1. Go ahead and estimate [θ] at 222 nm for the chain from helices alone: -39,500 (n - 2.57) per DSSP H run with n ≥ 4, summed, over the residue count, rounded to 500.
2. Please compute the net charge surrounding Ala53, taking Lys and Arg as +1 and Asp and Glu as -1 over other residues with Cβ under 13 Å from its Cβ.
3. Once neighbouring chains are kept in place and the probe is 1.4 Å, which whole percent of the accessible area of the stretch 19-168 is contributed by carbon and sulfur?
4. Which whole-number percent is the relative contact order of the stretch 36-168 (Cα, under 8 Å, 6+ apart)?
5. Could you work out the longest stretch of the chain that avoids the GluC sites (Glu not before Pro) located in DSSP loops with at most 16 other Cβ atoms within 10 Å?
6. Once you have a ≥ b ≥ c as the square roots of the Cα gyration tensor eigenvalues for the stretch 66-168, tell me rounded if a/c is under 1.5, and otherwise prolate or oblate according to whether a/b is larger than b/c.
7. Tell me, what is the FRET efficiency for Glu84 and Ala150 to the nearest 0.05, using R0 = 45 angstrom and their Cβ-Cβ distance as r?
8. State which helices in the chain qualify, where a helix is a whole DSSP H run, it must extend 24 Å or more along its own axis by its Cα atoms, and its mean Kyte-Doolittle hydropathy must be at least 0.0.
Amino acid sequence: IGYGFDAVGSTQGERSVTTVGDPATQVIEQSRSYMNSQCVYVMAKLGLADLIAAGITDAEQLARASGSDPDALRRLLRVLSDLELVVPETDGGYRLTAAGECLRDDHPSCVRNVVLLHGGERYREWADLAYSIQTGKPAAERMRGRPVFAHYDDHPDESAVFNRAMAD
């Protein structure tokens, strides 16, 4: 989450969203956009929008309810605030923005399943884009060792994520 985010979640005070100035900064921002997408994915995966909508708004309570480390979740919530998905409240809790509401399972414009697909399977597939560009072959098949839908036949959990995303 920011340039200084490491595996245990420490930061060096950098924000995830910055104003693009010069061309070099623009390229750097583009190269690290995966960080933001993974933050949105984790919000969806942990069901944070549903928890906040249910009244669990404090970072400590959200951590307990989502099975997360409280300090790491606080840092994630700061980035989600930068991404305008949540807003910190004066009481220490968080509320959802209109965009954050779209990650609730019961929202009429729910995109949670699409985010889960993109941030999970598709994210891993795109990590091997160079292979596809160099060979002309699908990275998804390389990753799974066979065509995607054949893989889904033996992995109903992944198939369900795909099907729900296609239905949204």
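1. Per the formula, -15500 deg cm²/dmol.
2. Computed value for this residue: -1.
3. Percent of accessible area from carbon and sulfur atoms in the stretch 19-168: 54.
4. 22
5. Between exposed loop sites, the widest span is 90-168.
6. Prolate shape, in that a/c is at least 1.5 and a/b is the bigger ratio.
7. So, using R0 = 45 Å, E works out to roughly 0.70.
8. none
The values are calculated or read from the model by the stated rules, or taken from the named source; none is laboratory data. Fair warning: this is a prediction, and the values are worked out from it, not measured in the lab. Cβ sites come from the backbone with ideal geometry, for glycine too, and all protein chains shown count toward neighbours. Heads up: the accessible areas ignore ligands, DNA and RNA and are worked out on the full protein's heavy atoms, side chains in. Shrake-Rupley method; radii C 1.70, N 1.55, O 1.52, S 1.80 Å.
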